[in-house]
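Asker: Mind looking over this structure? Questions follow.
The values are calculated or read from the model by the stated rules, or taken from the named source; none is laboratory data. No experiment lies behind these values; they were computed from the predicted model shown. Note: ideal-geometry Cβ built from the backbone for every residue, glycine included; neighbour counts use all protein chains shown. Side chains are part of the model used for accessible areas, which takes the heavy atoms of the whole protein and leaves out ligands, DNA and RNA. Shrake-Rupley method; radii C 1.70, N 1.55, O 1.52, S 1.80 Å.
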Amino acid sequence: MASGRRGAGLQYVWISGGMFLLLGILFYRAAPYPLNAGQWLSAMFSPDVTDYRQIIVHFTFLPRLVMALLCGAGLAVAGCLMQYVLRNPLASPTTLGVAAGAELGLAASLLFVPASLGIGHYWFAFLGGVAATLLVFLLTAKRGFAPLQMVLAGMVVSLFFGSLNMMLLLIHEQQLTSVFIWGAGALNQNDWQGVTALLPLLLFPAGILVLLLRPLSVLQLGEEVASSVGVKVAHLRVVSLGLGIFITAGIVSQVGIIGFVGLVAPALAKLLGARHLWSRLLLSSGVGALLLLIADLVIQPLSGVGGELLPTGAVTALIGAPFLLWLLHRQAFVSSLKAEEEPIRHYHPRSFRMLLTVLSVMTIGVLLLATVAGNSQAGWQWTVSETLFDLRLPRVLVALLAGMGLALAGTVIQRVTGNAMASPEVMGISAGAALALVLGAMAGWTVQRIEQMALGTAGALVVMGLIWFSGRRHRFAPTQMLLTGIGISAALDAMIRIAMSSGQENLKALLTWLSGSTYLVAGQDVILMLAGVVVIGGALLLLQRWLDVISLGEVIAGSIGLSCQRVRQALMLLAAMLTALATIVVGPLSFVGLLAPHMARSLGQYSARQQLVVACLLGGNIMMLADWVGRNVWFPWQFPAGLLASVIGGGYFLYLLRK
């Protein structure tokens, strides 16, 4: 026993020594100027006004480091508190949507609340965080607030609020320019005002938390024991969650979203042996502060290499998202904490021919509307001219074909995985294609469309492989696969943001494309999309029997001689090609691949052939309408079709979770 303790103590000494060494090296690399010890002391407490190096160190470098320590510690405490109160090891400000809600609340307050009222913006960030948390609780109440369901709901709320926030940014670009930079999680400081503003926002809840430590510690013994000694468990949980949200809101209002520190730090503290609440809180705060400090010191020398700012929040997301995947892979979670009856499926088949006729007429009508009707400075106009046709028709046709392609891909993925909430966008497949294209652009590879197609397909297939590999351990459980996909999406999104922040000119041209806009499409894109959708869509119709049989389950499919593995590989390859094709033309945003297959089933189309055809037409109509609304309703501003489709689809996804 004694030798074991000595071994553990020696291990901690080695870890501490390694950390100090690492910090020393990173600090030396990140320091803006080589100062001696006396100059450093002077720069800290009383900078020499004649020495510009001390001025810069005092007003930019040191406040940034202190801000990193404060934010890291605060987010870690908030995450630890949420995990402890909810008994959910995956809970954190990022995974519960609190940070995204705070960001949306802050952006809304900057736009709609007059500054003359003198109300601190962090209060609106707090309200946004509370709204996001309440929404997550509402969505998961049916399943007894099960850990996986809460995190899934929180991540989807984050995606939905993020889309709303992006819409606000596009409408009010001038007023919210600073929010755009801040939202990426930038720790840059120009003086000590940020630190002095944040400090009371952390000390106030920390003081209350110290007072609550004793009743919270009793909670560790169980709700019944806590209630028997007079602890009001429900009130205590609400107050504790409120403190966690307040801390998160205060940090978000100062530096934006710093992702995943609140998830990683408490988990590491637990792995390091902290068992009691006070020790977990203390160790989590220390680990969180160190994590964010190290992340910031790593990226500081890299910032400015390409002439642009490298957001710290994106780097922490890059570390945290794989950590979330590791936690999911390491631990088995129950999908629901409530006994649920197996739902009885009621089928209401409807006439396919009738529906096909109605949808075909609707498609032609929407196509004509999107081509000839438009808003302008003279108001709404119905115009038929060759010039307008040249300008509008490629955009409309590309939106139609991209929607069709994503709908076909979504139908295939839902049938092959047996997961009704799977889609190319939710599971990160679009993001994989987008990342491959961004990396290709950085390397100067993506010159022609055919090369983009190859890169995008490769990226989509890699993500599909990762999801498949991870899902095997949990027998492809739907919730687990969705969370894996969302975690991969978060990591890929962080990588895209880091790549974009390099400032390369060829990457700046991708910004419009990344927002899901059809603004830059040309005639050749229409031909490419048309060829892809016709060829791959035709192949899928020929393979409809595979889709019908494989959706019955592996046992039944195997018993009639179908090689499930090869069939799945072939179908997923086709879905990856369609996703890559749509992504390279209209960007990675949109939920059409989720929305259209569901709508087709709700319209009574259950066989693969009928679902493919109906979903295809529905997806095309959704994207055409999204493109038309985005171009005209808020004229002269233009919303990217992919972003509008994301807002609509995100709302629908939340509805599915509630259902």
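Asker: Quick check: residue separation of residue 45 and residue 227 times 0.36 nm, minus the Cα distance between them. What number comes out in nm?
Answerer: 60.5 nm
Asker: May I ask for the Kirkwood hydrodynamic radius of the range 216-275, worked out over all distinct Cα pairs and given in angstroms to one decimal?
Answerer: Answer for the range 216-275: a Kirkwood hydrodynamic radius of 13.7 Å.
Asker: From the P(r) of the range 536-659, could you give the percentage of C-alpha pairs in the tail past 19 Å?
Answerer: It works out to 57 percent of all Cα pairs.
Asker: If you take the beta carbon distance between residue 191 and residue 235 as r and set R0 to 35 Å, what does 1/(1 + (r/R0)^6) give as a FRET efficiency, to the nearest 0.05?
Answerer: E between residue 191 and residue 235, to the nearest 0.05, is 0.30.
Asker: Determine, for each peptide in 570-580, 380-390, 526-536, 249-259, the mean count of other beta carbons within 10 angstrom over its residues, then list the peptides with the highest first.
Answerer: Descending mean neighbour count gives 249-259, 570-580, 526-536, 380-390.
Asker: Then there's this: Starting at the first residue of the range 202-218, write each ³J(HN,Hα) from the Karplus equation 6.51 cos²θ - 1.76 cosθ + 1.60 with θ = phi - 60°, in whole Hz, x for Gly and Pro.
Answerer: 9, 5, 4, x, 5, x, 5, 5, 4, 5, 8, 4, 5, x, 5, 5, 5
Asker: Distance between Cα centroids, the range 88-167 to the range 225-277: provide it in whole Å.
Answerer: The range 88-167 and the range 225-277 have Cα centres separated by 16 Å.
Asker: Averaged per residue, what accessible surface does the range 19-107 expose to a 1.4 Å probe, in Å²?
Answerer: 39
Asker: I need the calculated FRET efficiency for the pair residue 531 and residue 111, taking r as the beta carbon distance and R₀ as 35 Å, to the nearest 0.05.
Answerer: Result of the calculation: an efficiency of 0.20.
Asker: Enumerate the residues in the range 271-293 having an amide nitrogen under 16 Å from the point lying 7 Å beyond the Cα of residue 217 toward its Cβ.
Answerer: Under cut-off, by backbone N: 274-283.
Asker: Starting with the highest mean, order 40-49, 540-549 by the number of other Cβ atoms within 10 Å, averaged over the residues of each peptide.
Answerer: 540-549, 40-49
Asker: Here is a further query. For a test of the definition: using alpha carbon positions, the gyration tensor, and the 1.5 limit on a/c, classify the range 47-162 as rounded, prolate or oblate.
Answerer: oblate
Asker: Can I ask one more? On a full-extension model of 0.36 nm per residue, what is the gain between residue 386 and residue 35, subtracting their alpha-carbon distance, rounded to one decimal in nm?
Answerer: 119.6 nm
Asker: Here is a further query. Quick one: if the Förster radius is 51 Å, what FRET efficiency do residue 60 and residue 362 give, using the C-beta to C-beta distance and rounding to 0.05?
Answerer: 0.30
Asker: Taking only protein heavy atoms and a 1.4 Å probe, what accessible area per residue, in Å², does the range 182-253 have with all protein chains in place?
Answerer: Ligands and nucleic acids excluded, the result is 49 Å² per residue.
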